[in-house]
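The values are calculated or read from the model by the stated rules, or taken from the named source; none is laboratory data. Owing to the predicted nature of the structure, the values given are computational and were not obtained by experimental measurement. Glycine also receives a Cβ, built like all others from the backbone with ideal geometry; neighbour counts cover every protein chain displayed. When the accessible area is computed, the model is the full protein with side chains, heavy atoms only, and any ligands, DNA or RNA have been set aside. Shrake-Rupley method; radii C 1.70, N 1.55, O 1.52, S 1.80 Å.
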Amino acid sequence: MSATAGGRRGGRITYAVLICAVLVSAFPLYWTLVAASRSNAELARPLPALLPGPRLPDNLRSVLDEAAIGKALLNSLIVSGAITVGTVLCSTLAGFAFAKLRFRGRGALLGAVVASMMIPPQLGVIPLFMLIVELHWVNQLQAVILPGLVSAFGVFFMRQFLVQSLPDELIEAARVDGASYARIFRSIVVPVARPAMAVLGLLTFMTAWNDFFWPIVALSSQEPTVQVALRQLGGGYVHDQSVIMAGTLLGTLPVLLVFGLLGRQIVGGIMQGAVKG
C-alpha cells in the first residue's frame, strides 16, 4: 500500500510540475492576446488587465493601416516555405550521402560542413550583399531565399538520424534488386527519415519566419517580410504597445499553424527514438 501511495504521490507531483511548465510557456502568448485586445492606456496602468478586451478588431485594423502586413505575410510565407522545402530536401540528400554512401573525401567534406557551423553568419553579410548587388537582386525575395536553401546544421542533423535509423542491409537489398540511388532515396530513405524531416522543417520554418537581420538588409519597406513590417508599427512619440502586440499576434499565427500540422510527426519521431533507446 505504501508503494502504491508513493507512486500516486509521485504521479501527482509530476503532473503538477508539467501543468506549471505549460502555464509558464503559454503565458507569453496569452499576454500577447490580452495586450492586443486592450488600449495603450489600459496597458500603462499600474495593474493592467489580465483578461482579453474588446479592442482586438480595432487594433488589427490599425496594423493593416500602418504596415503592409498582408503583403508581408505573403512574402514571409513564400520565403519561409521555399527555405524550408529546400533545406529539408538538400539536407536529407546530403545526410543520406554522408551516412550511407562511400566516396573519396567523405570525412573531410563532413568535417568542413561541421566546421562551417562555427563561423558567425554576420561575417558573410558584406560579401553576400555585394553578391546580390552584382546580381541585381536587391529588394527581391530570391536574395533572402537562396542563401538559406542549405543548412550545415540540417545536413549534420539528418546524417546523424540516418546513421542510427537506416539499416545498411535495407540499402544493400535494394541495390541487389536493381534499385537506383534515386529510387532508394524516394522509397526507403524518405519514409524512414520523415520524423526527422518534420522536426528539421519546423525548426527551419521558425528560423526563416523570425529572421530579421538579413531581410532588413536585403529588402526594403516596399517588399517586407513580417518581421520587417512589424518594425513600422506603433510609431510616434509614444509607441502604441497594443498595436505592436496585435501585429505580433498576427505574425505568430502561421508558426502555430505549422506546429499543429507537423506536431504529430514530431511526437512520432520522439516516440520512435524512445522505443529504439
In nm, spacing of pseudo-spin labels at LEU50 and ILE119 (7 Å Cα→C-beta vector): 5.1 nm
So with the 1.4 Å probe, I'd like the accessible area per residue for the chain, rounded to whole Å². 59 Å²
For labels at ARG186 and VAL150 in the simple 7 Å Cα→Cβ model, what's the distance in nm? 2.4 nm
Above 35 angstrom, tally the Cα pairs of the chain and express them as a % of all pairs, no decimals. 37 percent
Quick one: with all protein chains in place, what share of the accessible area of the chain is carbon or sulfur, to the nearest percent (1.4 Å probe)? 68 percent
Packing-based ranking, highest mean first, of 223-233, 31-41, 183-193 given that Cβ atoms within 10 Å are counted: 223-233, 31-41, 183-193
Sites matching trypsin sites (Lys or Arg not before Pro) across the stretch 97-148 that sit in DSSP coil, with at most 12 neighbouring C-beta atoms within 10 Å: ARG102, ARG104
Compute the convex hull volume of the Cα atoms of the stretch 84-195, divide it by the residue count, and report the result per residue in Å³ as a whole number. 133 Å³
Only helices at least 30 Å long along their axis, Cα-based, and averaging 0.0 or more on Kyte-Doolittle count here, so list those DSSP H runs from the chain. 2-36, 69-100, 241-276
Taking the Cα atoms of the stretch 50-120, report the difference between the largest and smallest coordinate on each principal axis, in whole Å and largest first. 64, 27, 23
